[in-house]
1. Does any residue in the stretch 58-69 that is within 18 Å of residue 180 (Cα to Cα) and touching a residue at least 12 places away in the same chain (Cβ under 8 Å) come within less than 7 Å, Cβ to Cβ, of a residue that is within 16 Å of the ligand (Cβ to nearest atom) and in a helix (DSSP H, G or I) six or more places away or on a different chain, and which pairs are these?
2. Is it true that some residue in the stretch 109-130 is crowded, with 22+ Cβ neighbours inside 10 Å, more than 18 Å from the chain's Cα centre (by Cα), on the phi < 0 side of the Ramachandran plot and not in a helix (DSSP H, G or I)?
3. Of all residues in the stretch 188-238, which are farther than 17 Å from residue 51 by Cβ, part of a loop (DSSP other than H, G, I, E, B) and in contact with a strand residue (DSSP E or B) (Cβ under 8 Å, 6 or more places away or on another chain)?
4. With touching a helix residue (DSSP H, G or I) at 6+ places or on another chain (Cβ under 7 Å), under 30 Å from residue 34 (Cα atoms), touching a residue at least 12 places away in the same chain (Cβ under 8 Å) and within 16 Å of the ligand (Cβ to nearest atom) as the only criterion, which of 135, 107 stands out?
5. What are the pairs, 6+ residues apart or on separate chains, where a residue within the stretch 165-186 that is under 19 Å from residue 207 (Cβ atoms) has its Cβ under 8 Å from a residue that is within 13 Å of the ligand (Cβ to nearest atom) and modelled with pLDDT of 95 or more?
6. Go through 50, 94 for me and flag whichever is away from the ligand (no atom under 16 Å from the Cβ), surrounded by fewer than 22 Cβ atoms within 10 Å (Cβ to Cβ), within 30 Å of residue 163 (Cβ to Cβ) and modelled with pLDDT of 90 or more.
7. Among the residues of the stretch 138-169 satisfying the criterion of being crowded, with 21+ Cβ neighbours inside 10 Å and within 16 Å of the ligand (Cβ to nearest atom), which is nearest to the chain's Cα centre (by Cα)?
8. For the stretch 207-223, which positions are over 30 Å from residue 155 (Cα atoms) and loosely packed, with under 13 Cβ neighbours inside 10 Å?
Ligand SMILES: [Zn+2]
């Protein structure tokens, strides 16, 4: 009986903690801006940097990096998700396909309200799992999605583009992921060329981003041990585990709250403040000799 009572008390405690935790997260991104937030927004007006993060789906994005750019460096940062996630699973409701796409669109917008980034999309449809990038690009209609990516670059005018995925991984992972990186690289080459998609030039001007990077991590090396031993001489790293005194949160906490907006994925409803690595690899064909930008160690 004593054991049962202690279990009951423990469950009550855990339940209360989870409830309070959830309220805190909700309050954080729904509350109107306070004086400190408005001051930070005004400071951001004085920063001209622009970064475009690119991947395939809602929840592909690195919220730590977006938050760091947007809130710590005050750089205008956009996440270009090629799809709206119509083909994923819904662990909290019955919506699937287009309705799930609507749901996940709203989740992404909620995430950006938290981490300070902007949210953009293309017309690409998340039709479910794809075995390779070639299949994906055939179903998407590559030229139309490529035109959307070029248009987005010309419109937002990013100084750098950061890909979440490796363009040389076709057949090894979800075709949408590889295709997002392939389209990013192709659009990087075309966006500054007025001969590419000239019909867009009545609305936007050609724009050439300075560099494109690959945001790598140990996952792409198969294990943390393999990553530890990898040559990082052509990588650049940055510490994104910084504290934000004006809000009282660390960058990792803000990023975790942002990521927790992906409710229909449920698995991300946590606030991990764990050690994280991020590496951006400059694409060799585009900037030979330059290589990377960063790997990050968060503590
Ligand atoms: Zn994905």
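The values are calculated or read from the model by the stated rules, or taken from the named source; none is laboratory data. Please read all numbers here as calculations on a predicted model, not as lab measurements. Methodologically, a virtual Cβ is constructed for each residue, glycine included, from the backbone with ideal geometry; neighbour enumeration extends over all protein chains shown.
1. 58/104; 58/107; 58/108; 59/265; 63/111; 63/259
2. If we filter the stretch 109-130 for residues that are crowded, with 22+ Cβ neighbours inside 10 Å, which is where we start, we get 111-112, 114-117, 122, 124, 126, 130.
Among the residues that remain, those that are also more than 18 Å from the chain's Cα centre (by Cα) are: 130.
Applying the additional criterion that residues be on the phi < 0 side of the Ramachandran plot yields 130.
Applying the additional criterion that residues be not in a helix (DSSP H, G or I) yields 130.
The answer is yes, given that some residue of the stretch 109-130 is crowded, with 22+ Cβ neighbours inside 10 Å, more than 18 Å from the chain's Cα centre (by Cα), on the phi < 0 side of the Ramachandran plot and not in a helix (DSSP H, G or I).
3. 217, 232, 234, 235 - these are the residues of the stretch 188-238 that are farther than 17 Å from residue 51 by Cβ, part of a loop (DSSP other than H, G, I, E, B) and in contact with a strand residue (DSSP E or B) (Cβ under 8 Å, 6 or more places away or on another chain).
4. Values: 135 fails: under 30 Å from residue 34 (Cα atoms).
Result of the check over 135, 107: 107.
5. These pairs meet every condition: 183/82; 184/54.
6. Numbers: 94 fails: within 30 Å of residue 163 (Cβ to Cβ).
Matching residue, one of 50, 94: 50.
7. Applying the filter and picking the extreme gives 164.
8. First, pick out the residues of the stretch 207-223 that are over 30 Å from residue 155 (Cα atoms): 218-223.
Result: 219, 222, 223.
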